[in-house]
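The values are calculated or read from the model by the stated rules, or taken from the named source; none is laboratory data. Since the structure is predicted, the reported quantities are computational estimates derived from the model, not experimental observations. Every residue, glycine among them, receives a Cβ derived from its backbone with ideal geometry; neighbour counts consider all protein chains shown.
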Amino acid sequence: RKEVEQDPGPFNVPEGATVAFNCTYSNSASQSFFWYRQDCRKEPKLLMSVYSSGNEDGRFTAQLNRASQYISLLIRDSKLSDSATYLCVVNGNNNDMRFGAGTRLTVKP
Amino acid sequence: NAGVTQTPKFQVLKTGQSMTLQCAQDMNHNSMYWYRQDPGMGLRLIYYSASEGTTDKGEVPNGYNVSRLNKREFSLRLESAAPSQTSVYFCASDTGTADEKLFFGSGTQLSVL
């Protein structure tokens, strides 16, 4: 079993849609969690950290469920510029970051 | 600040050749990482260095060696390149605290023929 697993995608949605991505992790000792965004042929960049109480940054909302070892990312009012691959990242107890395979999102006019 | 600088950007090797990928960061970060990314896949950890003088294996270390030369620099060496090592390689760094974000270099596209 992979340490971090994500919805395979791809997700193709119209502008203005709400879309949700899910991620599960296997290491119950994991301490911190993130969503990264990666544009084609570019390096990943941090989108947002994920906190136990859930957190929001504009149109983006992240949730963490430690009991189920589950993380989610919700994007509201999708924009064309949101088209990218979204990577779930989990920091293990050795402080080594592990990435999911990514979920590709395409927002269409 | 330059952030994380990774060289070269592109490289073509023949099977059996060796090369070293260079990475340097100017943010005084403790931890540094090497990842590879294959088409349609997320990043897989090759090796990491939690602090100067230490290195540890990640998920896919076979065929690679690393050196944490000093706090700034972390190099990745392929002693005898194989076609299976054709990939995009990313170097990254962070402060080493649990909730700190990763800063990435711009990547190296490596092709082994």
Unique match (being more than 10 Å from chain A (Cβ to nearest Cβ), over 12 Å from the mean Cα position of the chain (by Cα) and free of Cβ contacts under 8 Å to residues at least 60 places away in the same chain) among B:GLY16, B:GLY53, B:GLY42: B:GLY53
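Look through A:SER49, A:SER26 and report the one residue that is surrounded by 12 or more Cβ atoms within 10 Å (Cβ to Cβ), among the polar types (S, T, N, Q) and closer than 27 Å to B:GLN6 by Cβ. It would help to see each step written out before you state the result.
Working: A:SER26 fails: closer than 27 Å to B:GLN6 by Cβ.
Residue meeting the stated conditions: A:SER49.
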Listing of strands (runs of 3 or more DSSP E) fully contained in the range B:1-89 that carry 2 or more residues being modelled with pLDDT of 95 or more, crowded, with 20+ Cβ neighbours inside 10 Å and of a type in the set (A, V, I, L, M): B:19-25, B:74-78
Of all residues making up the range A:55-108, the number that are in contact with a Leu (Cβ under 7 Å, 6 or more places away or on another chain), in a loop (DSSP other than H, G, I, E, B) and either at pLDDT below 95 or crowded, with 22+ Cβ neighbours inside 10 Å (or both): 3
Meets criteria (assigned to a loop (DSSP other than H, G, I, E, B), away from chain B (no Cβ under 13 Å) and at pLDDT 95 or above) for A:ALA17: yes
Residues of the range B:62-107 that turn out to be within 12 Å of another protein chain (Cβ to nearest Cβ) and more than 19 Å from A:ALA101 (Cβ to Cβ), as a count: 13
Residue within the range B:8-28 that is out of contact with any Gly (no Cβ under 9 Å at 6 or more places or on another chain), closer than 23 Å to A:PHE99 by Cα and polar (S, T, N, Q) present: yes
Among residues of the range A:27-40, those that are within 13 Å of chain B (Cβ to nearest Cβ) and outside any strand (DSSP E or B), counted: 6
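Checking the structure you have, find out if any residue of the range A:41-49 is under 30 Å from B:GLN109 (Cβ atoms), in a strand (DSSP E or B) and either touching a residue at least 60 places away in the same chain (Cβ under 8 Å) or under 9 Å from the mean Cα position of the chain (by Cα) (or both).
Within the range A:41-49 (the criterion being under 30 Å from B:GLN109 (Cβ atoms), in a strand (DSSP E or B) and either touching a residue at least 60 places away in the same chain (Cβ under 8 Å) or under 9 Å from the mean Cα position of the chain (by Cα) (or both)), the answer is yes, since at least one residue qualifies.
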